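Worksheet: the structure to be examined is printed underneath.
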Amino acid sequence: MDYNLYSIISSKLTHNQIKSICFLKDKQWKFGIKSQISWYGKNVKESDIHNLFYIKSKLVGYTLLRKRTCKIKSLNKNIKYFYFDTLIIDKKYRDKGLSNLLMSFNNAIIKQSGYFSFLICKKELVNFYKKNEWVKLNKQNIKIIDHLFSTNGMIFNMKEENQNKYFFYINK
C-alpha cells in the first residue's frame, strides 16, 4: 500500500487541505461542510498540528493535536499540552490497521514535541488507546475548565499519570 503521513501546523495548511479535512470529518459527523468549516475557524489555532494520512493523493485519515494549557496541581503551574482531537479514518479504509499506523505517527509527534497529550473518549475506545500506549486517568483527578466532560480521560507521554490532579483547558 502506497501511503504518506504528514504533520502540518494550521498556518501552513492550504485551503484545499482544510476543505479535505472538513469533508473527511463530515463523513463521520454529518453536520454539513459549512458547519465543519465554521467549527474549524472557531476552534483551530495557527500552531495546532494536523496529522494527515494519504493513500496516493486521497486523504483517508486525520488527527488534530490542539496546543492548549493545563494546570497540574502538584506542580502548581500551567504547562502546555496537546489536546488530542479528532481521530478519523475514512470508512472505506477501516479494518486495515491504518488507525494504528496513524496512532504511532501521532505518538512520535507528541514525543518529539516534548509535550504530553490528553484525550477524551467513549468507553468502547479505551482499549484501542491503551493498545497504543495511552493511560486512562482516574476521573476524580481530571477537571476540564471550559468543556463538558462525562466520559473517559486518557494521557500519553507523562510520568506519574494517576498521581496528579489535572485542570485542563480545551478552548484556550
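Okay, here's what the table says:
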| quantity | calculated |
| --- | --- |
| Ellipticity estimate at 222 nm from DSSP helix runs (n ≥ 4, -39,500 (n - 2.57)) divided over the chain, nearest 500 | -8500 deg cm²/dmol |
| Cα centroid separation - the stretch 1-75 against the stretch 90-164, whole Å | 16 |
| Members of LYS34/LYS122; LYS77/LYS143; LYS136/LYS165 lying beyond 20 Å, as alpha-carbon distances in this model show | LYS34/LYS122 |
| Two-decimal Rg/Rh across the chain, once Rg and the Kirkwood Rh are taken from alpha-carbon atoms | 0.95 |
| Antiparallel bridge percentage (DSSP; both residues within the chain; nearest 5) | 90 |
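Bear in mind that the values in this text are calculations on the coordinates, not laboratory data. Please read all numbers here as calculations on a predicted model, not as lab measurements.
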